[in-house]
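Following: one structure in structure tokens, then a few remarks.
The values are calculated or read from the model by the stated rules, or taken from the named source; none is laboratory data. From a predicted model like this one, the values you see are computed outputs, not experimental measurements. Cβ coordinates were reconstructed from backbone atoms using ideal geometry, including for glycine residues, and neighbour counts include every protein chain displayed. Each accessible area value is taken on the protein alone, full model and side chains, heavy atoms only, with ligands, DNA and RNA left out. Shrake-Rupley method; radii C 1.70, N 1.55, O 1.52, S 1.80 Å.
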Amino acid sequence: LHADEADSPATYAKSMKQREQLIHTETGQLMLAAAWTTYDQRRKFDMFPEFASGDDAEGTNSEKRPLYTLLGKDQNEKIFPIAWAFLPSKSLWAYDWFFSRAMPLLHPGE
């Protein structure tokens with residue numbers, strides 16, 4: 001079962017080969033994704049809240065996770081990063097997690 005074919009994070013996590021080697025917590029939980037931003041990127045996003053695009057790069061880290069970058073555009077048409085995320089796959093649920101759960105925490109608004 002490939003990550004892109006899994007219909008949920010739980011299905012994906014259960015299907016992973018050598019899952020035990022990826023668990024590094026006392027609780028036995030497995031990190032499926034991580035997202036982050038910086039103060040400067042949050043400030044720019046406040047100034048220019050329309051995002052222009054997103055981009056994902058593969059094979060840039062030891063776990064071969066897609067690195068997703070959400071991009072914005074300023075008044076001079078210059079592109080800037082808003083946030084980044086290591087996703088478990090390019091599946092719909094991974095992007096849904098990023099936009100519906102991670103982004104509201106990273107940029108709660110006013």
Picking from THR37, THR69, THR60, the residue that is open to solvent by 50 Å² or more (accessible area, probe 1.4 Å) and either in contact (Cβ under 8 Å) with a residue 12 or more places away in the chain or on the phi < 0 side of the Ramachandran plot (or both) would be THR60
Going by the conditions given, is LEU32 open to solvent by less than 60 Å² (accessible area, probe 1.4 Å), at pLDDT 90 or above and not in a helix (DSSP H, G or I)? no
